[in-house]
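The values are calculated or read from the model by the stated rules, or taken from the named source; none is laboratory data. Worth saying up front: this structure is predicted, and the values here are computed from it rather than measured. Cβ placement follows ideal geometry from the backbone for every residue including glycine, while neighbour counts extend to all protein chains displayed. Remember, those area values only see protein heavy atoms, side chains included, never the ligands or the DNA or RNA. Shrake-Rupley method; radii C 1.70, N 1.55, O 1.52, S 1.80 Å.
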Amino acid sequence: MDFMMILTNVLTFLEEISVGQGLKYIGAGLAVFTGFAAALGEGSVAAHAVDAIARQPEMAGNIRTTMLIGQAVSETTGLYGLIIAILLVV
């Protein structure tokens, strides 16, 4: 597919929706970005946990447990954003 064909399809789609529906799709797109922020946070937590384990190998079990709990809490933020996006679009 070339660019003009994609652009024509997008413009045709945009002509068929109202302003309220368009705002709904924008809100869903913004809600999905919570998953991006959660992924950045989880990566940072994992990197710091590996660094901490490298510095104190005897604390590896405690560090790993704390890291997994923190990542689970962080992941729920991304899942909530996804659920909100799905609810907005449907």
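See the values below:
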quantity: Rounded percent of accessible protein surface that carbon and sulfur make up, region 13-80, 1.4 Å probe; calculated: 69
quantity: Spherically averaged projected area of the chain from its Cα convex hull (nm²); calculated: 8.3
quantity: Helix axis angle, 3-16 relative to the chain longest principal axis, alpha carbon, degrees; calculated: 80
quantity: Probe 1.4 Å, accessible area per residue of the chain, Å²; calculated: 74
quantity: Nearest-ten-degree value, helix 19-55 long axis tilted from longest Cα axis of the chain; calculated: 20
quantity: Spin-label pair THR12/TYR80, simplified geometry with 7 Å Cα→Cβ offset, distance in nm; calculated: 4.0
